[in-house]
Amino acid sequence: MKRTMLALAGALLLATGAGAGAMGGERLSPWVSAWSTGLVSADADKPPPFPEGPFTIREVVRLTAGGPRVRLRLSNAFGTTPLRIDAAHVALSVAPESAAIVAGSDRKATFDGRERVIIPPGAVWLSDPIALPVKALDRLAVSLVLPQAPGLSTQHRSARTTTYLAAGATPAAADLPGAATTLMWLQLAGVEVDNAKVSAVATFGDSITDGAGAGVNRYERWPDVLAERLRADPGTRGLSVINAGVGANRLLKDGSSPSGLARLDRDVFSQPGVTTLIVLIGVNDIGMLSREGPVTAEGRQAVVEGLKAGYRQVIERAHGLGIRVVGATILPFGGTKTYRSDADADADRQAVNAWIRTSGAFDAVVDFDAATRDPAHPERLKAEYDSGDLLHPSPAGYRAMAAAIPLSILTPAKGR
């Protein structure tokens, strides 16, 4: 019975989620992810600044694909109690640093025809289709009304985008003057568009993919810049970009977030329309070894070999869903005070990067190391590409990363 249930679950994931269109036939659904985010649990002792209920959350996301209809993917993945949402609306956003919405664009979301939805702990819930035409790079304001604060919120901690929290049930309000603000996305896992001609490129990683060092409301992360490149090229306008980066994430071990291997299904493989996955993760596995005690040769070797094995797991799981995997080399971090960054740490990074480049395990490789390192000191970032901590790129560094990706490797070959 257990094997039968697992096989059925796998078949349902193939039919409804990522890779459904890359298995040699048409996608069973026209929906594709135009925006999504990596999810984590709220800190129990540092919850978001929710007002007394009822209250309205208005969060702004930038879509990377367009279509005549959208639908919301709401999440209670880390909730300890059922999540009740009394109303949900979508509208076009007026400006990056504003809660105002474009006049006439507000639309009410429903769930099986009802305004209210109760999402069980651990679950995701899709809205009904919403008739709101959108274009790639449009900003969408999503407003949710909650009667009270969740038992434990599901969130993305480092949105680098302003979210507004206002007392009262005002999801259709033209603006939310006086609202409290936070830089988190809350209970929102994704926005999908109705467009069978688009497929998604998922970017998977840690704070470098999440955009540490980028400005607030500036869309300066390397996946943001990649989305702009794809949109500007007529040959790649049929690709969206979704960002599954989570700060401090490691591939192999849990920390402030579930490990990369643990969250891969939720944050990537469950997203509809994914055909290509770019994997940039491993710097924290290498660096954080010094936080676990004395660094030994055996411990270093275990991390290097563990990353190779972990990458193989990602590749095999993705290939099973018809998703191509692009490996990205780990950026230099020599000199950072965040964690170990000595010659041994760089030797471990170089060993992992050599495997990424030469193993043949990935369908393609992007050499972010070569694109961002200082030629005179290859263990360090170029000065102009450093945000200041010798670990995270600056906006210029993120632009260099996006520019280093050959767009041709993101389009699946016919017949795959």
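Output the DSSP H helices from the chain with an along-axis C-alpha extent of no less than 20 Å and a mean Kyte-Doolittle hydropathy no less than 1.0.
Numbers: long enough: 2-16 (21 Å, 1.19); 297-319 (33 Å, -0.54); 343-358 (22 Å, -0.65).
Answer set is 2-16.
GNM on the chain, C-alpha springs below 10 Å: top fluctuator among Arg324, Arg58, Arg340?
Arg340
I'd like the trypsin sites (Lys or Arg not before Pro) in segment 150-244 restricted to DSSP loop residues with at most 14 other Cβ atoms within 10 Å, sorted by number.
Working: sites: Arg157, Arg160, Lys197, Arg218, Arg221, Arg229, Arg231, Arg237; in loops: Arg157, Arg160, Lys197, Arg218, Arg221, Arg237.
Of the trypsin sites (Lys or Arg not before Pro), the ones in loops of segment 150-244 whose Cβ has at most 14 other Cβ atoms within 10 Å are Lys197, Arg218.
State, to one decimal in nm, how far the label point of Asp233 lies from the label point of Arg84, with both points 7 Å from Cα in the Cβ direction.
Placing both labels 7 Å along Cα→Cβ, they lie 5.0 nm apart.
Can you pull the three principal axis extents for the Cα set of the chain, in Å, largest first?
58, 49, 48
Excluding Asn195 itself, what net charge comes from residues whose Cβ is under 15 Å from its Cβ, given Lys and Arg +1 and Asp and Glu -1?
Numbers: positive: Arg27, Arg69, Arg71, Lys135, Lys197, Arg231, Arg237; negative: Glu26, Asp138, Glu192, Asp194.
Residues near Asn195 contribute +3 overall.
Ser29 to Leu407: FRET efficiency via 1/(1 + (r/R0)^6), r the Cβ-Cβ distance, R0 25 Å, to the nearest 0.05?
Values: r = 26 Å, r/R0 = 1.02.
About 0.45, to the nearest 0.05.
For the chain: lysine pairs with Cα atoms under 22 Å, gap of 8 or more or different chains, count? Write out the running numbers ahead of the final one.
On the way: Lys108/Lys135; Lys135/Lys197; Lys197/Lys414; Lys253/Lys308; Lys253/Lys337; Lys337/Lys382.
Counting lysine pairs in the chain gives 6.
Mind checking which of Pro68, Pro234, Pro177 has the largest fluctuation in a GNM of the chain, springs on alpha carbons under 10 Å?
Judging by the Gaussian network model, the answer is Pro234.
Separation of segment 307-369 and segment 170-221 by C-alpha centroid, Å?
26 Å
Using amide H atoms built 1.01 Å from N in the peptide plane, name the residues 5+ places from Gly168, or on other chains, whose amide H lies under 5 Å from its own.
So Gly168 has HN proximity to Phe55, Thr56.
Give me the net charge of Gln350's neighbourhood, meaning all other residues with Cβ under 10 Å from the Cβ of Gln350; Lys, Arg count +1, Asp, Glu -1.
On the way: positive: Arg349; negative: Asp346, Asp348, Asp369, Glu379.
Net local charge, Gln350 excluded: -3.
Grab the Cα-Cα distance for Ala131 and Asp112, subtract it from 0.36 nm times how many residues apart they are, and report the gain in nm with one decimal.
Details: separation 19, 0.36 × 19 = 6.84 nm, distance 1.50 nm.
Length gained between Ala131 and Asp112: 5.3 nm.
Running a GNM on the chain with Cα contacts under 10 Å, which residue among Ala403, Ala202, Ala34 ends up with the highest mean-square fluctuation?
Judging by the Gaussian network model, the answer is Ala403.
Pairs of Cα atoms under 8 Å, at least six residues apart: use those to get the relative contact order of segment 210-333, whole percent. It would help to have the intermediate numbers written out before the result.
Numbers: 111 pairs, mean separation 27.3, N = 124.
For segment 210-333, the relative contact order is 22 percent.
For the pair Glu316/Thr358, report the inter-label distance in nm, with labels modelled 7 Å from Cα in the Cβ direction.
The modelled label-to-label distance comes out at 2.4 nm.
Which parts of segment 61-82 would a label at Asp43 reach, counting a residue when its backbone N lies under 20 Å from a point 7 Å out along Cα-to-Cβ?
Those under the cut-off are 78-80.
If I take R0 = 22 Å and measure r between the Cβ atoms of Ala343 and Glu298 in this structure, what FRET efficiency does the formula 1/(1 + (r/R0)^6) give, to the nearest 0.05?
Details: r = 18 Å, r/R0 = 0.81.
Efficiency computed from Cβ-Cβ geometry: 0.75.
How far apart, in nm, are two points set 7 Å out from the Cα along the Cα-to-Cβ line at Val102 and at Ala172?
1.9 nm
How far, in nm, would the chain grow between Ala376 and Thr181 when pulled straight, counting 0.36 nm per residue and subtracting the alpha carbon separation? The partial results should precede the final answer.
Details: separation 195, 0.36 × 195 = 70.20 nm, distance 4.32 nm.
Taking 0.36 nm per residue and subtracting the Cα distance, the gain is 65.9 nm.
Since every read-out is calculated from the coordinates, none of them should be taken as a lab result. The model shown is predicted, which means the values in this text are computed figures rather than measured ones. Cβ atoms come from the backbone with ideal geometry, glycine included; neighbour counts cover every protein chain shown.
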